[in-house]
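Report on the following structure.
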Amino acid sequence: MKFEVFTVCEKAIAPEACLTIIGIFDTLQTPVVPVVRSFCLAVRLRSDFLDRSSPYRFSIAIIDADGKPVVSKIEGTLGPANGGSDMAVNLVISFDRIEFRDFGPHELIMHIEGERRMSAPIHVKRKRDVRSGE
């Protein structure tokens, strides 16, 4: 299995075989926490699905710097949309109004069949007030 895309973004859609991504980011700047933000995870992976009798099981988690979950884990299955081998599969997961309670590094992690396969950072940084210099 090969990941071609794994990114956090403002918006993504995957009509048919096309993956459209808008506004890739890895940093949230805010003067205060908690901060609430909506965003998407866009994934495109390629695999030979003929070697499987069932779809792949996956889970997505967002954790903070201490490894604590930010939201409940998302679980699902992945398989080819139209059959065949060496198929690319697009997956878009929308996260609505996620609350980041602390400054610091956060991580969005994908497990497939229980094995950690990919991750993307989300850094929550304190935004300086340019006017006051703080």
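Taking amide H positions as modeled 1.01 Å from N, with prolines and chain starts lacking one, the residues under 5 Å from Val124 and 5 or more places away or on another chain are Leu28, Gly104, His106.
So what is Rg over Rh here for the chain, counting just Cα atoms and using Kirkwood for Rh?
Values: Rg = 16.8 Å, Rh = 16.1 Å.
Rg divided by Rh gives 1.04.
What dipole magnitude, in Debye to the nearest 20, does the chain give about its Cα centre under +1 on Lys/Arg Cβ and -1 on Asp/Glu Cβ? Walk me through the intermediate numbers first.
Values: 18 positive and 18 negative charges, 72 e Å.
The dipole magnitude comes to about 340 debye.
At full extension, Lys73 and Arg117 could sit 14.3 nm farther apart than now, given 0.36 nm per residue minus the alpha carbon distance.
None of the figures in this text is laboratory data; all of them are computed from the coordinates on show. Just so you know, these numbers come straight off a predicted model, no measurement behind them. Virtual Cβ from ideal backbone geometry, glycine too; neighbours counted across all protein chains shown.
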